[in-house]
Amino acid sequence: MFVVALPGCITNPATGERQLNYLSLEEEVRIGEQTMPQVIEAYGGRLPDEEIQRYVSGIGQDVASHVEDRYADLPWEFTVLNSDVINAFALPGGKVFVSRGLLEVLDSEAQLAGILGHEAAHVTAEHHDRAMQRQLVLAGIAIGAGALAGESESEWAKVAAQAVVTGSGVYALTYSRDQERQSDSLGVEYMVRAGYAPSGLVEAMEILAQAGGDGPPEFLSTHPNPGGRAERLRELIESDYSEAARDRSLVVGREAYRRNVLSRLGG
């Protein structure tokens, strides 16, 4: 049995909620760095096109520069995986991934910025901490007060890191519907702050809902989709971002996306 020290309670500046954190930000960064190579390998490696990597990273860094101060200095990285699986996800500590398959079904910078903002929000809302707790409980690892086995915080982080990926190295954490809604809302906030049209995330959700042929894209299995998600986003934008929705100076970027991504992928 593995037992860790009593968690700390903080007010999350992104969500405004009081939450128990079993991991410090430093430990989350360490977990992300430990598991990143496994995830890249499991999803076919990095896309070998460095121009696309730089383009996606540039949009991601732009969005991440507008998160709350507590998370702004995380070592954010945005990586395109060479996989035709339609997916995007973030590891603890700011490691964000999108697949080649996802890039192929999107068609604008604003859609990509919305997806990256959504994934950045999972990091800032610290959803990983709670998702890892669930994984560890399911694995039969006790979480409670004390350190009966004399385990250090770094040892706890090693065990927690094992809960992030499966034995094959595939990303394993999933989120609740409420957490997905929260990340959608924060994702819109971040993309608007960065100067992207908020309709991009609505369009991206509509595209993902229709993608996948015989089955839903992996994005919808790792990001629970209760239905009506795009409609909820429209209502959010109408109520909280009506001015941004009318602002024609905000970036949509269809031509830039086609030139920098789709044309290079052969689409």
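Taken together, the values in this text are just the output of simple stated rules run on the coordinates, not laboratory data. Quick caveat: nothing in here was measured; it's all calculated off a predicted structure. Note: ideal-geometry Cβ built from the backbone for every residue, glycine included; neighbour counts use all protein chains shown.
See the values below:
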| read-out | value |
| --- | --- |
| Extension gain from Glu68 to Arg46, taking 0.36 nm per residue of separation minus the Cα-Cα distance | 5.1 nm |
| By average C-beta atoms within 10 angstrom, highest first, the peptides 97-109, 23-35 | 97-109, 23-35 |
| Segments 184-193, 241-250 sorted - mean Cβ within 10 Å per residue, highest first | 184-193, 241-250 |
| Where labels lie 7 Å past Cα in the beta-carbon direction, separation of Ala209 and Glu255 in nm | 3.0 nm |
